[in-house]
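Accompanying notes for the structure given below.
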Amino acid sequence: MMSSSKQLIFLALILGLCPQQSQARTLGAGDDAMWQRYEQWMAHYGRVYGSDLEKEKRFQIFKENVIHIDDFNQAKDKPFKLGVNKFADLTNKEFESTYNRYKEHIFSPQESFKYENITVVPSTMDWRKKGAVTPIKNQQQCGCCWAFSAVAAVEGVHQISTGKLVSLSEQELVDCDIRGVDQGCQGGWMDSAFKFVKNHGLATEASYPYKGVDGKCNIKAEANAAVHITGYQDVLANSEASLLKATANQPVSVAIDAGDFNSSSTRAEYSPGHVERSSTTVLPSLVMGQTPMGPSTGW
């Protein structure tokens, strides 16, 4: 791994006003318990709706998602579990239109893969425990998952090289990396983000904080780069063995083929595990390590 702060990165998703309505409801069989779960979920996430009509609509979506989650978790042949998180009142279409703005691409041929000749990898690896992953961040209502994925990989490799974990600026990519395929909250591509960081460097989160909306590039903050990279490289296509080698050496920016996410709440309620299905839904994320899961590898 390169020294200083120059590293090599590897790439692997109002209703109109109306009179206050009564809370009286007609509940079907089992809805009392589900409504209680719904109220608890609303309190936990601070969810407030503009009308009883909207609240009822969201309850029906919540109910469908929770039933799916419970059924999924009761199955004994699933390699991962689902949980009821803050997206549980969204339909799949609503979730994708807000959060999944990854722009797919064709992987470029490359002469060699840096970790190609590695023959021994640890059975488990968790870069969080090694201090190479910042606390969870929230992209809010901005479709810049691509920027969060890229920045997390840069943060990880910078920590591995320097021993210092520094939270870096996704907002800089949203505002300033807009002269090519990357278009802020409207979507982007991790390779292009890495190219931007290679050419311009990247500021810290503290000097260029996240706003969650498209904004004008802050030239002064952009010029104050805290980290640079010398290049980036794709993990070999369709090779889980190559991903394993890369992950053993650093966190890896990935675009998850979210086939198992594309059914009701699965896309929003995924818990760490192993995804095997195929689909056209792709969610940028970060692989922080691996662990054995029966005959497979859990990421």
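So Lys103 clears everything in (1) at pLDDT 75 or above; (2) out of contact with any His (no Cβ under 9 Å at 6 or more places or on another chain); (3) of a type in the set (Lys, Arg) except one condition, right? Which one? Status for Lys103: all satisfied but (1).
Of everything in segment 17-48 that is under 18 Å from Glu64 (Cβ atoms) and assigned to a loop (DSSP other than H, G, I, E, B), the residue that is modelled with the highest pLDDT is Arg47. You will find that of Asp177, Asp182, the residue that is modelled with pLDDT of 90 or more and closer than 11 Å to Ala147 by Cβ is Asp177 and no other.
Set side by side, the residues Tyr232, Tyr210 differ, and just one is touching a Phe, Trp or Tyr at 6+ places or on another chain (Cβ under 7 Å) and in the same structural domain as Glu155 (by TED's automatic domain parsing), which is Tyr232.
Among helices (runs of 4 or more DSSP H) entirely within segment 107-200, having at least 3 residues that are touching a helix residue (DSSP H, G or I) at 6+ places or on another chain (Cβ under 7 Å) and among the small types (Gly, Ala, Ser) singles out 145-162.
The values are calculated or read from the model by the stated rules, or taken from the named source; none is laboratory data. Because the structure is a prediction, the values reported are computed rather than measured. When we count neighbours, we look across all protein chains shown, and the Cβ atoms used for this are built from the backbone with ideal geometry, even at glycine.
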